[in-house]
1. Cα-Cα over 31 Å: which of Lys25/Lys192; Lys132/Lys201; Lys160/Lys201; Lys56/Lys192; Lys21/Lys238?
2. Nearest 0.05, what FRET efficiency do Lys129 and Ala26 give at R0 = 45 Å with Cβ-Cβ as r?
3. When N counts the residues of the stretch 105-171, how does its alpha-carbon radius of gyration compare numerically with 2.2 N^0.38 Å, as a ratio?
4. Please report, in whole Å³, the volume per residue of the convex hull around the C-alpha atoms of the stretch 115-229.
5. Using θ = phi - 60° and the Karplus curve 6.51 cos²θ - 1.76 cosθ + 1.60, what whole-Hz ³J(HN,Hα) does each residue of the stretch 94-109 get, with Gly and Pro shown as x?
6. Report the Rg/Rh value for the chain, based on alpha-carbon coordinates and the Kirkwood definition of Rh.
7. Collect residues whose amide H, placed 1.01 Å from N in the peptide plane, falls under 5 Å from the amide H of Ile125; neighbours closer than 5 in sequence don't count.
8. Give me a comma-separated list of calculated 3J(HN,Hα) values for the stretch 22-37, in order, Karplus coefficients 6.51, -1.76, 1.60 applied at θ = phi - 60°, integers in Hz, x for any Gly or Pro.
Amino acid sequence: MSIAESTQASSPQRFPLVEVKGICKAFGHVQALTDVSLELYPGEVLGLVGDNGAGKSTLIKILSGVYTADAGEIWINGRQVEIRNPLDAQSLGIATVFQDLQLVDCRDVASNIYLGREPMRRIVIDRTKMWKDAEAILSTLRMRMPSVKVDVSELSGGQKQAVAIARALSRGGRIFLMDEPTAALGVAEAEKVMDLVKEMKGHGAGVIIISHNLAHIFGVVDRICVLRHGQVVFKGPKNETTPEAIVAHIVGAAQAARIGSGQ
Ligand SMILES: Nc1ncnc2c1ncn2[C@@H]1O[C@H](COP(=O)(O)OP(=O)(O)O)[C@@H](O)[C@H]1O
Ligand SMILES: [Mg+2]
């Protein structure tokens, strides 16, 4: 039985948390995604992998309301939805760590975490509460930060990444989309992010994680989906594949071998 099936069987919720069907997206003459379908179940981590330009970030941005798809459907909890903007995504419980982090460099750590959702006291931002809440969320991440009051421009790449992750976490949704969340992190910090992903999964969240680091992917995911030139070329449970086979799918060698052997 596949992990997807076992999740379905053991969960009272029969529907995938997220299901995308036949998603297409072009930028001018560049066909970034063609007929992409995938599903994410509650308590599941899906690894989304592929070479640079494969369309991974475009798919994440469509689910986050940054781009709209040219064709295809998005279903959340068994209901078809339209995600027209980032607010739609947020209200559906989707929280994203973008590849480019999308932080405001000239504002402090706490303001970045609560951007647009600052705690208010009457008509002014309750900074004391915001600082306290920001410290609490960063401490659950166990990421070192000089202070929640320093501007993001003063942080290292890893610390910036931690702020972006803290922001997604503070939104408290059930669907986490993480686009290369460990790219700027050292080994120990990356391990903490992987632990966090396992924790989210334990709480019944669904996580889609993009990474070039197949050790991270194989360490944390249940299923893997490989995109190549905007198309899904492999989708399956982690324990039914190998890193070598995934690399072959990423670079296209798997198809080449199949054609070569006449399959
Ligand atoms: N805003 C955009 N405008 C034009 N082309 C884009 C844009 N975003 C992505 N693309 C193109 O779409 C393709 C997929 O890009 P992307 O989703 O960023 O891939 P990945 O995240 O897998 O590296 C690439 O050819 C990229 O150049
Ligand atoms: Mg990308």
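1. Working: Lys25/Lys192 34 Å; Lys132/Lys201 26 Å; Lys160/Lys201 24 Å; Lys56/Lys192 23 Å; Lys21/Lys238 22 Å.
Those over the limit are Lys25/Lys192.
2. With a Förster radius of 45 Å, E is 0.50.
3. 1.02
4. Details: hull volume 15.1 nm³, N = 115.
Value for the stretch 115-229: 132 Å³ per residue.
5. Each residue of the stretch 94-109 in turn: 9, 10, 10, 9, 6, 4, 8, 6, 6, 9, 9, 4, 8, 10, 6, 4 Hz.
6. Using only Cα positions, Rg/Rh for the chain is 0.98.
7. It is none; the list stays empty.
8. Calculated HN-Hα couplings, in order: x, 6, 10, 8, 10, 10, x, 8, 8, 8, 6, 9, 10, 6, 8, 10 Hz.
Just so you know, all these numbers are worked out from the coordinates, no wet-lab data involved. From a predicted model like this one, the values you see are computed outputs, not experimental measurements. Glycine also receives a Cβ, built like all others from the backbone with ideal geometry; neighbour counts cover every protein chain displayed.
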